[in-house]
Amino acid sequence: MEQVQKYMPENLQRLRAALNSIECSSDPAEQKIKLLKNLRFYLLDDIHFKQQILDNVDYSIYQFRKKQCEEEKK
């Protein structure tokens, strides 16, 4: 469950703040691109984590339905 907390709304606020900071920064474009690539990596990692959770939920649904069908056949 610790990993789930890692991806809670507080982090969305941090992401928005980071984007705003990058846009308002006077850093060279190359530095902004580097920061945006890091942000992209973080977001992609978040997507993969959530996809794993979704896959687990889908598999649990499948298992419950399969068990229910087997019990109805008896």
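The values are calculated or read from the model by the stated rules, or taken from the named source; none is laboratory data. Please read these numbers as outputs of a predicted model, since none were measured by experiment. No Cβ is skipped: glycine too gets one built from the backbone with ideal geometry, and neighbour counts run over all protein chains shown. Ligands, DNA and RNA are excluded from the accessible area calculation, which covers all protein heavy atoms including side chains. Shrake-Rupley method; radii C 1.70, N 1.55, O 1.52, S 1.80 Å.
Restricted to the stretch 22-62, and to residues that are polar (S, T, N, Q) and open to solvent by less than 70 Å² (accessible area, probe 1.4 Å), which residue is nearest to the chain's Cα centre (by Cα)? Before the answer, list the steps.
Within the stretch 22-62, the first condition is being polar (S, T, N, Q), and the residues that meet it are 25-26, 31, 38, 51-52, 56, 60.
After this cut, where a residue has to be open to solvent by less than 70 Å² (accessible area, probe 1.4 Å) as well, the list is 25, 60.
Details: S25: 26, S60: 20 Å.
Taking the candidates together, the pick is S60.
Which residues, taken from the stretch 21-59, are among the β-branched types (V, I, T) and in contact with a helix residue (DSSP H, G or I) (Cβ under 7 Å, 6 or more places away or on another chain)? Before you say what the answer is, go through the steps one by one.
Let us first name the residues in the stretch 21-59 that are among the β-branched types (V, I, T), namely 22, 33, 47, 53, 57.
Of everything in the stretch 21-59, just one residue is among the β-branched types (V, I, T) and in contact with a helix residue (DSSP H, G or I) (Cβ under 7 Å, 6 or more places away or on another chain), namely I22.
Please identify the pairs in which a residue from the stretch 7-27 that is among the aromatic types (F, W, Y) has its Cβ atom under 9 Å from the Cβ atom of a residue that is surrounded by 11 or more Cβ atoms within 10 Å (Cβ to Cβ), counting only partners at least 6 apart or on another chain.
Pairs that qualify, where the first residue is among the aromatic types (F, W, Y) and the partner is surrounded by 11 or more Cβ atoms within 10 Å (Cβ to Cβ), are Y7/D46; Y7/F49; Y7/K50.
Pull up the stretch 1-42, narrow it to residues that are part of a helix (DSSP H, G or I), of a type in the set (D, E) and at pLDDT 85 or above, then point me to the one that is nearest to L54 (Cα to Cα). Don't jump to the end; show me each part of the working.
At the first step, the residues of the stretch 1-42 found to be part of a helix (DSSP H, G or I) are 2-6, 9-24, 29-42.
Next, only the ones that are of a type in the set (D, E) stay: 2, 10, 23, 30.
After this cut, where a residue has to be at pLDDT 85 or above as well, the list is 23, 30.
Working: E23: 33, E30: 36 Å.
Here the answer is E23.
Which residues, counting only those in the stretch 33-72, are within 19 Å of E23 (Cβ to Cβ) and of a type in the set (D, E, K, R)? Don't jump to the end; show me each part of the working.
Kept after step one, since they are within 19 Å of E23 (Cβ to Cβ), are these residues of the stretch 33-72: 33-43.
Across the stretch 33-72, the qualifying residues are K34, K37, R40.
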